[in-house]
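*Asks:* Encoded as structure tokens, here's the structure I'll be asking about.
The values are calculated or read from the model by the stated rules, or taken from the named source; none is laboratory data. Computed from a predicted model, the values in this text were never measured in an experiment. Note that we place each Cβ from the backbone using ideal geometry, even for glycine, and neighbour counts take in every protein chain shown.
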Amino acid sequence: MEHERSRTRAWVLHPDIRSDADRREPEPALEEAVALAAALPDLDVIGADIVRLDRAQAGLLFGKGKIEELGARFSAAEVELVLVDGPVTPVQQRNLEKAWKVKILDRTGLILEIFSDRARTREGVLQVEMAALSYQRTRLVRAWTHLERQRGGLGFVGGPGETQIEADRRAIDEQLVRLRRQLDKVVKTRELHRKARAKVPYPIVALVGYTNAGKSTLFNRLTGAEVMAKDMLFATLDPTMRRVQLPDGPEVILSDTVGFISDLPTELVASFRATLEEVLAADLVLHVRDIHHEDTDAQAADVNAILATLGVETTRPRIEVWNKIDLLSREERDAALARASRDDDVFAISAQDGTGLPELLEAVAAILRGARHETELRLGFHEGRKRAWLFEHEVVLSERQDEAGFHLTVFWTDTQEAQFAAIA
């Protein structure tokens, strides 16, 4: 009972602003917002509404009549936190909190809370802290009226309120500098790890996709790992990597990454770039889609937009993996399988029951084999170190010996060829 009382009673609002050029379909958007809220363990979502608006009101976001109506509902339901699925300015937040006497959290704030709850690695924790501070810095205006009321100031330029805000900003900036230095050290360590991995010539296959598309379930099925795989947004935050032996193909490093989401806070796009750097180094990208989701096409567009922002060029080998076909109706499933059979870059699967995985893995192996090439080499008897390196890295297809030395046929990647050339 004590645990139940400690949970926060929350209500989710999705403002459906008709004048917004980037307006999303309101029903799936609200469903996603509720799922986001459910990803925080200490929230009880007791209600959710779509609020339709022609345009956002500058100071209050909603019209006065709607504010009064919602306020009465929140009061009756003893709501403590209102989650607004969209951007809320500091002034709007202050005014809504005053009108409703509840705490307000906008979409960016909610995602930051989830990332803070999920981060496990040192790098992830630092990046969340930096993103949260950057977000907090923009909202210090909320302290203004509070400080004036407390100190009796008039709010003139140079008055106590502004002095306090500037002091708070300076403190945040100093903390950001400290965090950035710490993060630089962590990133250098990751760089060393990545260079060490580069010496192991396994191709990297990166799983990307909208959050909750089933990447971690697929990762677990392919690797036998126990990555957290729940029906929950952002179940995986920090990247996880495992070696996988493909059937009749090369050994690869499989990387599971944080799920993407529409309207990802700009603070997080910047700060999690390093977390997603495995995608930049990938030989092959598997874009996992929840094909059962009613908004699957919009989700795919969001993922492609973020990949473009990260600098993942469209020429990088990429496969679309249509996951969760086990949830489709028979007709939808047959249509998905038929489409996948016509398109070499689309595979319909169920990570849950394994349907379609043999065909997907066969295609992955074929693409990665295509990334390698055959080369004829001649080595003298004195080049035993180079010959040993070739056999150690299992790239030798055939070898014959004559009076001049060794004749070898090797099958390798450009990376391996460059590493071999660097051997003294």
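*Asks:* Between 342, 372, which is more than 20 Å from residue 254 (Cα to Cα) and either surrounded by 11 or more Cβ atoms within 10 Å (Cβ to Cβ) or assigned by TED's automatic domain parsing to the domain that holds residue 212 (or both)?
*Replies:* 342
*Asks:* So, one more: For residues in the range 319-329 being outside any loop (DSSP other than H, G, I, E, B) and of a type in the set (A, V, I, L, M, F, W, C), which is farthest from residue 208 (Cα to Cα)?
*Replies:* Looking at the filtered set, the residue picked out is 327.
*Asks:* Moving on. Please go through the range 51-64 and pick out each residue that is of a type in the set (A, V, I, L, M) and in a strand (DSSP E or B).
*Replies:* Correct list: 51, 53, 61.
*Asks:* Here are some residues: 99, 21, 48, 10. Which one is among the aliphatic types (A, V, I, L, M) and part of a helix (DSSP H, G or I)?
*Replies:* Step by step, each of 99, 21, 48, 10 is checked, and only 99 is among the aliphatic types (A, V, I, L, M) and part of a helix (DSSP H, G or I).
*Asks:* Shifting gears a bit: Select from the range 399-416 the residues that are modelled with pLDDT of 85 or more and either among the aliphatic types (A, V, I, L, M) or out of contact with any Leu (no Cβ under 7 Å at 6 or more places or on another chain) (or both) and list them in ascending order.
*Replies:* Scanning the range 399-416 gives 400, 401, 402, 403, 404, 407, 408, 410.
*Asks:* While we're looking at this one, here's another question. Check 110, 13, 43 and return the single one that is under 27 Å from residue 134 (Cβ atoms) and at pLDDT 95 or above.
*Replies:* Checking each option against the conditions leaves just 13.
*Asks:* Now a separate question. Could you tell me which of the residues 403, 394, 399 is over 36 Å from the mean Cα position of the chain (by Cα), surrounded by fewer than 14 Cβ atoms within 10 Å (Cβ to Cβ) and farther than 30 Å from residue 332 by Cα?
*Replies:* None of the other options fit; the residue is 403.
*Asks:* Right, another one. Which numbered condition in (1) surrounded by fewer than 22 Cβ atoms within 10 Å (Cβ to Cβ); (2) modelled with pLDDT of 75 or more is the only one that residue 273 fails?
*Replies:* (2)
Residue by residue, here is whether (1) under 22 Å from residue 128 (Cα atoms); (2) modelled with pLDDT of 80 or more; (3) part of a loop (DSSP other than H, G, I, E, B); (4) not basic (Lys, Arg) holds:
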residue: 157; (1), (2), (3), (4): no, no, yes, yes
residue: 164; (1), (2), (3), (4): no, no, no, yes
residue: 174; (1), (2), (3), (4): yes, yes, no, yes
residue: 178; (1), (2), (3), (4): yes, yes, no, no
residue: 195; (1), (2), (3), (4): no, no, no, no
residue: 221; (1), (2), (3), (4): no, yes, no, no
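*Asks:* Condition first: surrounded by 15 or more Cβ atoms within 10 Å (Cβ to Cβ), more than 25 Å from residue 215 (Cβ to Cβ) and among the basic types (Lys, Arg). Can you find one or more residues in the range 377-385 that meet it?
*Replies:* No, the range 377-385 contains no residue that is surrounded by 15 or more Cβ atoms within 10 Å (Cβ to Cβ), more than 25 Å from residue 215 (Cβ to Cβ) and among the basic types (Lys, Arg).
Residue-by-condition table, conditions (1) under 23 Å from residue 205 (Cβ atoms); (2) in contact with a helix residue (DSSP H, G or I) (Cβ under 8 Å, 6 or more places away or on another chain):
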position	(1), (2)
320	yes, yes
335	no, no
359	yes, no
384	no, no
403	no, no
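*Asks:* For the range 282-309: of the residues being surrounded by fewer than 16 Cβ atoms within 10 Å (Cβ to Cβ) and touching a helix residue (DSSP H, G or I) at 6+ places or on another chain (Cβ under 7 Å), which is nearest to residue 205 (Cα to Cα)?
*Replies:* Only one residue tops the list, namely 309.
*Asks:* Failed condition for residue 105, given (1) touching a helix residue (DSSP H, G or I) at 6+ places or on another chain (Cβ under 9 Å); (2) part of a helix (DSSP H, G or I); (3) not small (Gly, Ala, Ser), with all others met?
*Replies:* Every listed condition holds for residue 105 apart from (2).
*Asks:* Answer yes or no as to whether residue 355 is surrounded by 14 or more Cβ atoms within 10 Å (Cβ to Cβ), touching a residue at least 24 places away in the same chain (Cβ under 8 Å), farther than 14 Å from residue 286 by Cβ and in contact with a Ser or Thr (Cβ under 8 Å, 6 or more places away or on another chain).
*Replies:* So residue 355 fails the test.
*Asks:* When the range 122-152 is examined, which residues are found to be modelled with pLDDT of 75 or more and small (Gly, Ala, Ser)?
*Replies:* Passing the criteria: 131, 132, 134.
*Asks:* Could you tell me how many of the residues in the range 69-98 are out of contact with any Lys or Arg (no Cβ under 9 Å at 6 or more places or on another chain) and crowded, with 17+ Cβ neighbours inside 10 Å?
*Replies:* Residues in the range 69-98 being out of contact with any Lys or Arg (no Cβ under 9 Å at 6 or more places or on another chain) and crowded, with 17+ Cβ neighbours inside 10 Å: 4 in total.
*Asks:* To continue, here is another question. Within the range 10-21, how many residues turn out to be out of contact with any helix residue (DSSP H, G or I) (no Cβ under 7 Å at 6 or more places or on another chain) and in contact (Cβ under 8 Å) with a residue 40 or more places away in the chain?
*Replies:* The total comes to 3.
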